[in-house]
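The structure is given below, and queries will be raised subsequently.
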Amino acid sequence: MSSLITQDVAGPRQRLADPATWRVLLAASDLPSFVNAWLALVAAQVDMAFAAQVPTADGRIVLAGFVAMRQEAAQRFGRAGRYGDEPSLLLSRAAERCLQMRRPIVQNSDSPGAPCQLVVPIMTGDRLDGAVAVELTAGATSQLDATLRIIQMGLGWFARLLDRRSEDGGAWVAETGLAAVELLLQDASTPAATQAACTLLASRMDVARVSLGARFGHAGLEPLGTSGGSLAVTPTDFVIALRAAMEEAAQAGQAICCPGDADQMAATGAHQRLLRSHGSAWAISMPVACTPHGDVVITVEGDGSPPTAQQMGQWQGVVRAVAPAFATRQRAERSVAAHAREASRAELGRWHGTLARRRQVWAGVAVLAVLFLAFARGDYNVNARATLEGVVKRAIVSPFDSYLAEAHARPGDRVATGTVLARLDDRDLLLQRTDHEARRAEAQRQMDEAISKRDMATTGIAAARRDQEDAELRLITDNLARTKLTAPFDSIVISGDPAQNIGAPMRRGDIVYELSPLDAFRVEIDVDQADFAEVEPGQQGRLVLTPLPTVAWDLKVATVTPVATAREGRTVFRVDATLDTIGPSLRPGMQGIAKIDVGPRRYVWIWTHDVFNWLRLKLWEYTP
């Protein structure tokens, strides 16, 4: 059965919820079974208590542990049981030191990620009976004090084990505690299970009433169940008096009996009010601290004479067995919000614990940052919006008044030299050519007739008319040749879409298309007036275009135009730059951001000169 306890096959909640573990602990007749069960339950309590503060891959915080007990008729100690992994040599040495010094031992390794060791002595009065040694994961260093408290709270089980040889009460305590634990861990709701356990305890103790209350986290202590019936939802006089009595015992940290003897130093005012409100003869409240932030209190009321010291000891043994099981159930059934609050409080506590050290670190970082900004130098860049343009922009215009007959190109098309872009209507020109050809023939006939008559005057007039008609025909021929609008060079169409206006009249000089070459670009940069004085011809820079954000193009400032222009509410100066390389993906009209390398400057000046320049202008404006 001890192997069942030591195997880590389930999470902490599953191990604690298994009644078999508590049955082994309460009914163990040999030391190894008792020690193995006790170690498993303590490890599970530590894992569940600090799972939110110390997250691990397998949910384990206690990696290994063992209990060393004094061997009979010998002045030496031996291992009575172990838990988890094989204990390390460091844990064994820490246990030896604890047995020699008779005080808790804590060891933290300087190596990152190394586990830490905690050893607690088992004392019975001035006698050393053994030691409990556990090894915790590296992240649980801040939880060593809380883990020490959990182990010390559980050492009372060893006192009960060592006193179990006297059979006057040990069997009754084990049987009663086991029965109550099984009721608390059943599948019923928490109020029903609590009421059933209290009713069982009242029957076994032969008392009038047993009530159970608990406090977890920062909430107040509340009665959660009583024997013989459920507690009222609204606070009655009995519930108020019971809560005050339980709180009185929890604050005192010890059992309170009313009426008490002369040796009892704790106040009993709340218990006296409980007796008056319910009419009982005596009342006893027994608190048990189950976790670093939780307390369980069981209040017993009865008639007749108060219990004897032996009965009180037995009852406290039952309370120590029942309280951890109840605390485990309450903790497991908390809401997600409660788990989140506990984790956030733990994280906040760790943060506050290292606040002073963090302040020192941040102060040092701030000093280094100031020194770096004051003396370090870096490249200062003038950032400005930029537009890519072609070096040449050629307009294709209508050569004469006509009508649009065909349109073959659209914006964005790449065209080669001689490509027909559009054609104008030539029907009027053909009619005019026929008319002028007839007139030329008539003038030629008249000239020939005048020559035959030797009429020199008429011959000259006819020759002049013929030459006039020849000129008209040459003009018409040229216009017919220009009805086809062609690309003068390899280029891209950047504007013009006459295909939407086929048949529309075209007047002489109307722009049909605009073309730009693909092998020559310039960059138009709009530099803000505050940075204009820093830019000079010949400076290098980089250009990143919005359509091509992954490519940076090298540029060189060509000209600086000292003429201001207002654009988008800003005053800018135009700066023209050339690209060192041309890519096939570049297109006229693309926009982006250009950075012009001005030169090295101090970082503090780079990041603050705009603000100081603005302040200087404002001071100059408002200073008399």
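Here is a list of conditions, (1) touching a Leu at 6+ places or on another chain (Cβ under 9 Å); (2) surrounded by 21 or more Cβ atoms within 10 Å (Cβ to Cβ), and Ala49 meets all of them except one; can you say which number that is?
Result: Ala49 fails condition (1) only.
Which of the residues belonging to the stretch 573-624 are in contact with a Ser or Thr (Cβ under 6 Å, 6 or more places away or on another chain) and part of a strand (DSSP E or B)?
Keep residues of the stretch 573-624 that are in contact with a Ser or Thr (Cβ under 6 Å, 6 or more places away or on another chain), which gives 574, 576, 588, 591-592.
Once the filter is applied, which keeps residues that are in contact with a Ser or Thr (Cβ under 6 Å, 6 or more places away or on another chain) and part of a strand (DSSP E or B), the stretch 573-624 yields Arg574, Asp576, Gln591, Gly592.
So, in the stretch 582-597, of the ones that are surrounded by fewer than 17 Cβ atoms within 10 Å (Cβ to Cβ) and modelled with pLDDT of 85 or more, which residue ends up farthest from the chain's Cα centre (by Cα)?
Asp597
Please go through the stretch 40-63 and give me each residue that is assigned to a loop (DSSP other than H, G, I, E, B) and of a type outside the set (Gly, Ala, Ser), ordered by number.
Restricting attention to the stretch 40-63, the residues satisfying the condition of being assigned to a loop (DSSP other than H, G, I, E, B) are 50-61.
Phe50, Gln53, Val54, Pro55, Thr56, Asp58, Arg60, Ile61, listed by residue number.
Among the residues of the stretch 213-233, is there at least one that is touching a Gly at 6+ places or on another chain (Cβ under 8 Å), modelled with pLDDT of 85 or more and buried (at least 18 other Cβ atoms within 10 Å of the Cβ)?
Quick first cut of the stretch 213-233, residues touching a Gly at 6+ places or on another chain (Cβ under 8 Å) only: 214-217, 221-224, 231.
Next cut, modelled with pLDDT of 85 or more only: none.
No - not one qualifying residue is present in the stretch 213-233.
Inspect all residues belonging to the stretch 593-605 and state whether any of them is closer than 30 Å to Gly412 by Cβ and not hydrophobic (A, V, I, L, M, F, W, C).
yes
Mind listing whichever residues of the stretch 404-447 are part of a helix (DSSP H, G or I) and in contact (Cβ under 8 Å) with a residue 24 or more places away in the chain? Outline the logic, then answer.
First, pick out the residues of the stretch 404-447 that are part of a helix (DSSP H, G or I): 427-447.
Within the stretch 404-447, Asp428, Leu429, Leu430, Gln432, Arg433, His436, Glu437, Arg439, Arg440, Ala443 meet the criteria.
Let me ask something else. Quick check on my filter: what residues within the stretch 526-564 are part of a strand (DSSP E or B) and acidic (Asp, Glu)?
Just the residues of the stretch 526-564 that are part of a strand (DSSP E or B), to begin with: 526-528, 540-545, 548-564.
Answer for the stretch 526-564, where residues must be part of a strand (DSSP E or B) and acidic (Asp, Glu): Asp526, Asp528, Asp554.
Only one of Arg394, Arg359 is charged (D, E, K, R) and touching a strand residue (DSSP E or B) at 6+ places or on another chain (Cβ under 9 Å); which? Give the derivation first.
On the way: Arg359 fails: touching a strand residue (DSSP E or B) at 6+ places or on another chain (Cβ under 9 Å).
None of the other options fit; the residue is Arg394.
Oh, and also: Look through Arg97, Arg70, Arg103, Arg79 and report the one residue that is in contact with a Phe, Trp or Tyr (Cβ under 8 Å, 6 or more places away or on another chain), without any contact (Cβ under 8 Å) to a residue 24 or more places away in the chain and not hydrophobic (A, V, I, L, M, F, W, C).
On the way: Arg97 fails: in contact with a Phe, Trp or Tyr (Cβ under 8 Å, 6 or more places away or on another chain); Arg70 fails: without any contact (Cβ under 8 Å) to a residue 24 or more places away in the chain; Arg103 fails: in contact with a Phe, Trp or Tyr (Cβ under 8 Å, 6 or more places away or on another chain).
Answer to the check: Arg79.
List the residue pairs whose Cβ atoms are under 9 Å apart, where the first residue sits in the stretch 538-552 and is touching a residue at least 12 places away in the same chain (Cβ under 8 Å), the second is in a strand (DSSP E or B) and acidic (Asp, Glu), and the two are 6 or more positions apart or on different chains.
Close Cβ pairs (under 9 Å, with a partner that is in a strand (DSSP E or B) and acidic (Asp, Glu)) amount to Gln539/Asp597; Gln540/Asp554; Gln540/Asp597; Gly541/Asp554; Gly541/Asp597; Arg542/Asp554; Arg542/Asp597; Leu543/Asp554.
So, in the stretch 109-157, of the ones that are farther than 28 Å from Val322 by Cβ and acidic (Asp, Glu), which residue ends up surrounded by the most Cβ atoms within 10 Å (Cβ to Cβ)?
Checking each candidate, the answer is Glu135.
Looking only at the stretch 418-450, count every residue that is surrounded by fewer than 19 Cβ atoms within 10 Å (Cβ to Cβ) and within 60 Å of the chain's Cα centre (by Cα) and tell me the total.
1
Quick check, is Ala384 under 34 Å from the mean Cα position of the chain (by Cα), closer than 30 Å to Ile525 by Cα, among the aliphatic types (A, V, I, L, M) and modelled with pLDDT of 80 or more? Give the steps one after another, and end with the answer.
On the way: under 34 Å from the mean Cα position of the chain (by Cα): no; closer than 30 Å to Ile525 by Cα: yes; among the aliphatic types (A, V, I, L, M): yes; modelled with pLDDT of 80 or more: yes.
For Ala384, the condition - under 34 Å from the mean Cα position of the chain (by Cα), closer than 30 Å to Ile525 by Cα, among the aliphatic types (A, V, I, L, M) and modelled with pLDDT of 80 or more - is not met.
Follow-up. What pairs come up if the first residue lies in the stretch 259-275 and is within 23 Å of Asp237 (Cβ to Cβ), the second is modelled with pLDDT under 65 and not aliphatic (A, V, I, L, M), and their beta carbons are under 9 Å apart, counting only those six or more places apart or on different chains?
The qualifying pairs do not exist here.
Per-residue answers, yes or no, for (1) at pLDDT below 85; (2) farther than 30 Å from Leu178 by Cβ:
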site	(1), (2)
Ile5	yes, no
Ala40	no, no
Ala43	no, no
Arg93	no, yes
Arg102	no, yes
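Given the residues Arg359, Arg345, which is the only one that is at pLDDT 70 or above and under 30 Å from the mean Cα position of the chain (by Cα)? Lay out the reasoning, then the answer.
Working: Arg345 fails: at pLDDT 70 or above.
That would be Arg359, the only listed residue that is at pLDDT 70 or above and under 30 Å from the mean Cα position of the chain (by Cα).
Here's something else I'd like to know. Name every residue in the stretch 469-497 that is among the hydroxyl-bearing types (Ser, Thr, Tyr), surrounded by 15 or more Cβ atoms within 10 Å (Cβ to Cβ) and in a helix (DSSP H, G or I), in order of residue number.
Residues satisfying the conditions do not exist here.
Moving to a separate point now. Go through the stretch 402-456 residue by residue and tally those that are among the hydroxyl-bearing types (Ser, Thr, Tyr) and touching a His at 6+ places or on another chain (Cβ under 7 Å).
Of all residues in the stretch 402-456, those among the hydroxyl-bearing types (Ser, Thr, Tyr) come to 402-403, 417, 419, 434, 452.
The next check asks that each one be touching a His at 6+ places or on another chain (Cβ under 7 Å); those that pass are none.
Matching residues across the stretch 402-456 total 0.
Considering only the stretch 509-525, I want to know if a residue exists there that is in a loop (DSSP other than H, G, I, E, B), over 20 Å from Gly583 (Cα atoms) and of a type outside the set (Ser, Thr, Tyr).
Residues of the stretch 509-525 in a loop (DSSP other than H, G, I, E, B): 509-510, 518-520.
From the residues that got through so far, the ones that are over 20 Å from Gly583 (Cα atoms) too are 509-510.
Of the ones still in play, those that are also of a type outside the set (Ser, Thr, Tyr) are 509-510.
Looking for residues that are in a loop (DSSP other than H, G, I, E, B), over 20 Å from Gly583 (Cα atoms) and of a type outside the set (Ser, Thr, Tyr), one finds at least one in the stretch 509-525, hence yes.
Just the residues that are assigned to a loop (DSSP other than H, G, I, E, B) and in contact with a Leu (Cβ under 6 Å, 6 or more places away or on another chain), please, taken from the stretch 84-103.
From the stretch 84-103, those assigned to a loop (DSSP other than H, G, I, E, B) are 85-88, 102-103; that's our starting set.
Residues satisfying the conditions are Asp85, Arg102.
Turning to a different aspect of this structure: Pick from the stretch 379-417 the residues that are within 28 Å of Glu534 (Cβ to Cβ) and acidic (Asp, Glu): which of them is surrounded by the most Cβ atoms within 10 Å (Cβ to Cβ)?
Among residues in the stretch 379-417 that are within 28 Å of Glu534 (Cβ to Cβ) and acidic (Asp, Glu), the one surrounded by the most Cβ atoms within 10 Å (Cβ to Cβ) is Glu389.
Another question, then. Go through the stretch 513-525 and count every residue that is among the hydroxyl-bearing types (Ser, Thr, Tyr) and surrounded by fewer than 13 Cβ atoms within 10 Å (Cβ to Cβ).
Count: 0.
Now for a separate question. Looking only at the stretch 255-282, which residues are modelled with pLDDT under 80 and assigned to a loop (DSSP other than H, G, I, E, B)? Talk me through it step by step, then tell me what you get.
Quick first cut of the stretch 255-282, residues modelled with pLDDT under 80 only: 260-268, 277-279.
Scanning the stretch 255-282 gives Gly260, Asp261, Ala262, Asp263, Gln264, Met265, Ala266, Ala267, Thr268, Gly279.
Take the stretch 422-453 and flag every residue that is out of contact with any Asp or Glu (no Cβ under 9 Å at 6 or more places or on another chain), of a type in the set (Lys, Arg) and within 23 Å of Ala481 (Cβ to Cβ).
Across the stretch 422-453, the qualifying residue is only Arg427.
Give the residues of the stretch 498-512 that are surrounded by 15 or more Cβ atoms within 10 Å (Cβ to Cβ) and either aliphatic (A, V, I, L, M) or within 55 Å of the chain's Cα centre (by Cα) (or both), sorted by residue number.
Met506, Val512
When the residues of the stretch 239-254 are filtered to those that are under 21 Å from Val319 (Cβ atoms) and surrounded by fewer than 18 Cβ atoms within 10 Å (Cβ to Cβ), which remaining residue is modelled with the highest pLDDT?
So the residue we want is Ala244.
The values are calculated or read from the model by the stated rules, or taken from the named source; none is laboratory data. Worth saying up front: this structure is predicted, and the values here are computed from it rather than measured. Reconstructed Cβ throughout: ideal geometry from the backbone, glycine too, with neighbour counts over all protein chains shown.
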